[in-house]
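Laboratory data are not the source of any read-out in this text; all were calculated from the coordinates shown. As the structure is a prediction and not an experimental result, all values here were calculated from the model. Glycine gets a Cβ as well: all are built from the backbone with ideal geometry, and neighbour counts include every protein chain shown.
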Amino acid sequence: MNPATKLLSLLALAALTFPARSSAAETTVYKFDFGSGKVAEGYTKVTPDMVFSKERGFGFEAGAKLSAVDRAGKTGLFSRGDALRDDFITSNEPFFFSAHVAEEGNYRVTVTLGDKEGESTTTIKAELRRLMAEKVHTAAGKFQTVSFIVNTRTPKITAIGDIKAGVVDLKAPRESIQEGWAWDDLITLEFNDAHPAVCGIEITKVDVPTVFIIGDSTVCDQSREPFNSWGQMLTNFFKPDIAIANHAESGETYRASISRRRLDKMLSVMKPGDFMIMQFGHNDQKQIAPGTGGPFTTYKQEIKTHVDAVRAHGGTPVIVSPMERRNYNADGSFKPTLSDYAEASRQAAKELNVAFVDLNAKSILFYQALGKDKAPLAFAGTGAQRDATHHDNYGSYELAQIVVQGIRDNHLTLAKHIKDDFKGFDPSHPDSLDTFVMPPSPNFTNERPLGD
């Protein structure tokens, strides 16, 4: 479905017919059994022909080329009669599945993967290409369940405390159409990789801590290849007991965060124990005009405004310095462009006693480790058309690990939610370009994100 038709209304949620759900007051569960075979008890059957409709409330996004496979009666780890695992849906191309949720918030999604007779490899992304599960492999006859938290939101701001009712000032048509999946009343999942075998999905409303992210195009959920940001890779490194809510947007600044009411939106749903990770600088640098200040005046004051507001609502702020652009002097030495903004963010963090992740300095180490000739391969584009600001899947994946390592180094309570298999990251020794593989999402654009 076209994201424009999915975008909320922008505010009201229509009453739909839902799949079976639990009666618990605080928990709503949607259960889907994928395939053409017998449906598991308590689940709603999903077959390849079920294209999403508002009336049904779930289904595949248009254009999916799907196959249903039924292994009922076949031998394997699970005996005959396991209705959930006997059948599955697969495709040779990436495909999307969407389900309506009755309210915004955090949902635990649990996916059952596997094939009684064949191998399966599945990478799962949510909403706007947020990486949730990376290359989950199951051998023939084996099955695996993976869980992750998906945060959903609408533009509506509910009045609470010092926050007035209203809406986020979305950028049209970028956010209302191209990025509509980030603001609608659906959970949209992308299934990708070699022979994904999706047996079932459960979606449960949960009350877990939330990590809000705010920033610019180097942070936000980029909707289309080849652009990607560390914010949409960060989800991959956390356990399914905490949510990542990325409110960053291309072309934004600390000042725009306030004027467009993105900060108000986050504060309106923030609870004690939540976090806010903040990274601006690229566009703040360009909004300077006579009388509007600079990195050590208005920029620092705008950081303080955010920090004070987060603390007043029970949250913990984390300041991240802006990663560097890829830029070199004539002699081939690295030429920083954001040093003043990195230093100003460092000073603000120290003065306000806020955790600080120096992504600026660490990104330079990362680029230097790759070398001038290979550093472009961490940025979006091809050949001589490689971007010098916006990253690709590889670059954003590495930068996300720098942020995760920074969270650990700051000894934040957030660190306990980092996945156990994250062994640490040194930007001077990044993952090999030769072995890094991330299956690309199907949507592509030649249009650069806003900002630089």
Taking one equal scatterer on every alpha-carbon of the range 243-288, how large is log10 of I(q)/I(0) by Debye at q = 0.14, 0.28 1/Å?
-0.36, -1.13
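Share of antiparallel DSSP beta bridges in the chain, in percent to the nearest 5? Show your work: numbers first, answer last.
Working: 53 of 74 bridges.
Within the chain, antiparallel bridges account for around 70 percent of the total.
Among the listed pairs K205/K416; K38/K125; K135/K350; K304/K416; K45/K239, give every one whose C-alpha distance is greater than 32 Å. Please list the in-between numbers first.
Details: K205/K416 22 Å; K38/K125 28 Å; K135/K350 39 Å; K304/K416 27 Å; K45/K239 29 Å.
From the list (K205/K416; K38/K125; K135/K350; K304/K416; K45/K239), the Cα-Cα distance tops 32 Å for K135/K350.
With r as the distance between the Cβ atoms of Q144 and A102 and R0 = 22 Å, compute the FRET efficiency 1/(1 + (r/R0)^6) and round to 0.05. Walk me through the intermediate numbers first.
Values: r = 29 Å, r/R0 = 1.31.
Computed FRET efficiency for A102 and Q144 comes out at 0.15.
Would you kindly state how much longer the chain becomes between A312 and H137 on full extension, computed as 0.36 nm times their sequence separation minus their alpha carbon distance, in nm to one decimal? Spell out each step's value before the answer.
On the way: separation 175, 0.36 × 175 = 63.00 nm, distance 4.43 nm.
Result: 58.6 nm gained on full extension.
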Enumerate the residues in the range 311-338 having an amide nitrogen under 17 Å from the point lying 7 Å beyond the Cα of A388 toward its Cβ.
323-338
Which length gain, in nm to one decimal place, applies between K304 and H195 when the Cα-Cα distance is subtracted from 0.36 nm times their residue separation?
34.4 nm
Using Cα-Cα distances under 8 Å and only pairs 6 or more residues apart, what relative contact order does the range 208-418 have, in percent?
24
Quick one: net charge of P427's neighbours, Cβ under 11 Å, K/R +1, D/E -1?
-3
Given a Förster distance of 22 Å, the FRET efficiency implied by the Cβ-Cβ spacing of L365 and K419, rounded to the nearest 0.05, works out to 0.40
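Classify the range 190-248 from the C-alpha gyration tensor, please: rounded if a/c falls under 1.5, else prolate or oblate depending on whether a/b exceeds b/c. The partial results should precede the final answer.
Numbers: a/c = 2.56, a/b = 1.16, b/c = 2.21.
It comes out oblate by the Cα gyration axes.
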Cross-link partners of K372 among aspartates and glutamates (Cα-Cα below 16 Å; sequence separation of 8 or more within a chain):
E324, D331, D387
With n ≥ 4 as the cut-off for DSSP H runs, can you work out [θ] at 222 nm for the chain, using -39500 (n - 2.57) per run divided by the number of residues, rounded to the nearest 500?
-5500 deg cm²/dmol
Under 5 Å, built H, 5+ apart or other chain: amide partners of A245
V211, F212, I213
Quick calc: nm separation of the 7 Å Cα→Cβ label points for D70 and K54 -> 3.4
Extend 7 Å from the Cα of V206 along its Cα-to-C-beta direction; within the range 391-426, residues with backbone N under 13 Å of that point are 417-419
